[in-house]
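Undergrad: Handing you a structure now.
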Amino acid sequence: MKLAVFVHRDGAGAVAAAVAFDDWDAPEATKTYTCRIAHVEKAVRGALDLSDLPCLLQLLRQHALAPELILIDGLVHLDADETPALGRHLHHALEGRTAVIGVSKLAVPGLPAQFQLVREEEARPLMISCVGIDLGAAKARLRAMHGRRRVPTLLKLVARIAKDPALRSDPPQGPARG
C-alpha cells in the first residue's frame with residue numbers, strides 16, 4: 001500500500017489526511033483516512049517548519065498504517081546536498097522502513113533541474129525529492145499517476161479531503177505528539 005498525505009492547518013489545530021492506493025495509475029483511492037489534531041505547535045520563525053511531522057505520525061498511529069511509500073506535499077531535501085526537510089525527518093521517524101517522495105508545486109532555489117518533473121506540456125514543473133527510492137524511479141512513478149494536469153489526481157484528492165469538513169469524519173483528537 002502507498003499513501004498520499006496532506007496536512008491542513010485549521011486555526012490552532014490541523015487535519016491530517018491520507019489516501020491509500022496500490023497502483024500508480026489508480027484514478028481513485030482504495031481507502032481514505034483522516035485525523036483531527038486539536039493543537040499544533042507553530043513553526044519557529046527562521047527554522048525549518050516540521051510542525052506537520054507530529055500530525056503525520058499521529059495519523060499513521062491512529063489508523064495503524066504501515067505503507068511501503070508515502071507521497072508528501074513538500075520536500076524531502078531542501079537542496080542537492082540533501083539537507084533534510086520534512087520528508088527526510090518523516091523517513092527517519094519511521095526508522096527508514098518507508099520510502100518518502102516529496103512533491104513541491106513551488107520552485108526551490110537549491111534544487112537543480114534534475115529534480116524537476118513536467119507532467120503537462122507548458123506547465124510549470126513539479127519539484128521532486130525522495131529518500132528510500134531512486135530519484136529517477138520516483139519521477140517515473142509520479143509521471144505515471146492518473147490525471148491530465150500538472151498535479152496528479154490523488155494528490156488533489158488528499159488535499160481536498162483535509163480541507164473540506166464534509167469529506168472527513170474523525171472527531172477532534174488531543175495535541176499531536178512526535
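Undergrad: Take the residues of segment 153-178 that are in contact with a helix residue (DSSP H, G or I) (Cβ under 8 Å, 6 or more places away or on another chain) and modelled with pLDDT of 95 or more: which is most open to solvent (accessible area, probe 1.4 Å)?
TA: Here the answer is R160.
Undergrad: When the residues of segment 90-114 are narrowed to those that are of a type outside the set (A, V, I, L, M) and in a strand (DSSP E or B), which ends up least open to solvent (accessible area, probe 1.4 Å)?
TA: Of everything passing the filter in segment 90-114, G102 is least open to solvent (accessible area, probe 1.4 Å).
Undergrad: Which members of segment 49-86 meet the condition of being assigned to a helix (DSSP H, G or I) and closer than 11 Å to V100 by Cα?
TA: Once the filter is applied, which keeps residues that are assigned to a helix (DSSP H, G or I) and closer than 11 Å to V100 by Cα, segment 49-86 yields only L86.
Undergrad: What do you reckon, is A138 touching a Cys at 6+ places or on another chain (Cβ under 7 Å), among the small types (G, A, S) and open to solvent by less than 80 Å² (accessible area, probe 1.4 Å)?
TA: Against the criterion (touching a Cys at 6+ places or on another chain (Cβ under 7 Å), among the small types (G, A, S) and open to solvent by less than 80 Å² (accessible area, probe 1.4 Å)), A138 qualifies.
Undergrad: Out of (1) under 22 Å from W24 (Cβ atoms); (2) surrounded by 19 or more Cβ atoms within 10 Å (Cβ to Cβ), the odd one out for C55 is which?
TA: Single failed check for C55: (1).
Undergrad: Quick one: in segment 1-28, of everything that is closer than 14 Å to I161 by Cβ and over 15 Å from the mean Cα position of the chain (by Cα), which residue is most open to solvent (accessible area, probe 1.4 Å)?
TA: So the residue we want is E28.
Undergrad: Restricted to segment 29-43, and to residues that are over 14 Å from R61 (Cα atoms) and modelled with pLDDT of 95 or more, which residue is surrounded by the most Cβ atoms within 10 Å (Cβ to Cβ)?
TA: A29
Undergrad: Could you pull out the residue among G87, G74, G46 that is open to solvent by less than 30 Å² (accessible area, probe 1.4 Å) and on the phi > 0 side of the Ramachandran plot?
TA: Criteria check complete, one pass: G74.
The values are calculated or read from the model by the stated rules, or taken from the named source; none is laboratory data. The structure presented is a predicted model; accordingly, all values stated were derived computationally and were not measured. Because the Cβ atoms are built from the backbone with ideal geometry, glycine has one as well, and the counts that use them run over all protein chains shown. Please note that ligands, DNA and RNA were not included when accessible areas were found on the heavy atoms of the full protein model with its side chains. Shrake-Rupley method; radii C 1.70, N 1.55, O 1.52, S 1.80 Å.
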